[in-house]
Amino acid sequence: MMGRESTAPPGMGSQAVFGTTHWSVVLAAGDEETPESAAALEQLCQAYWYPLYAFVRKQGYSPDDAQDLTQGFFAHILSRHFLRRANREKGKFRSYVLASLRYFLADEWARFHAQKRGSGRVPVSFDAQTAEAQYQNEPADRMDAEKIFERRWALVLLDRVLDRLDQELLQADKKPVFDQLRGFLIGERGPLNYSEAGSRLGMSEGAVKVAVHRMRQRYRELFREEVAHTVGEPSEIDEEIRHIFSILSS
C-alpha cells in the first residue's frame, strides 16, 4: 500500500521490546547470506519500493526507465555483495538504501541500460501504473528528490502501521469500531465527536473515549515496531522517530 498524506502520529509511547527486526537481521548476517537475512531484506524492499521509484523519477528518468532502474536496483541490493557491504557500513536502512541508490544511478546506469530488457527478472513486484499515477501527484517544485523520498518513506511507514492496526481489529471483530474512530488517532476530534461516534456504534461516550485511548496506545506500539524494522540497534529507534516527525511536520 502506498503512502497517503497524513499528519505525524501520537507520541513515542513506552519502550517496546526490540527483538529481531528486519534490518537488524540483515546486519547480523555479516559476510554470510542467510535465508532469514535475504527474506528480511526482501520484505523491506517490498514495503518501501515507492519512495525509491519516486526518487528515480525525480532524477529525470522516464516512467519506463524508472521502473526498470528500480527493479534493477532491487536485484542489486538483494545480492550477497550488498549484504556484505551493508554489514560493514551499518546505518539505518533508509539512509543506506538511498546512498546505495545514488551510487547505482551514477555508476551502473550504462551497464544496466544495455541489459535491462533481457533478463526478465522481477525481484520485487510492484504496480508501475499505480506508481506513476502516485508520482504525478507529487509536488512539482516544492520538494527536491531527497525530500520526496523521505516524506514518502515516512508516509509508507504510517500506512503500514494503520494497515496492521486495521488487521488486528478486523481479526478481533472490531473493524466497525476502528472505521468510526480512526479519525481520533492523531487528534482530539475526528469527523465526529465522541458522543456522535458513540451513537453510531451503540456505545456510551465514556466507552468511546476508552476505545480511542486503547487504539492510540496500540498505534504507538505498532509505530515503534515499524520504525524498529528499519534500524539496526534499539538505541537508534527514538532518533529515527524524531526524524520522521520532522519530515512530516516540514
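What to note about this one:
- Highest average packing first - 33-39, 44-50, 215-221, Cβ atoms within 10 Å: 44-50, 215-221, 33-39
- By the count of neighbouring beta-carbon atoms within 10 Å, fewest first, 42, 150 end up ordered 42, 150.
- Extension gain, residue 138 back to residue 207 (0.36 nm per residue minus Cα-Cα distance, nm): 20.9 nm
- In terms of its C-alpha gyration tensor, the stretch 178-250 has a prolate overall shape, because the principal axis ratio a/c (a ≥ b ≥ c, square roots of the eigenvalues) is not below 1.5 and a/b outweighs b/c.
- Distance (nanometres) between label positions extended 7 Å along Cα→Cβ at residue 170 and residue 130: 1.3 nm
Every number in this text was worked out from the coordinates using simple rules, so none of it is lab data. Worth saying up front: this structure is predicted, and the values here are computed from it rather than measured. Virtual Cβ from ideal backbone geometry, glycine too; neighbours counted across all protein chains shown.
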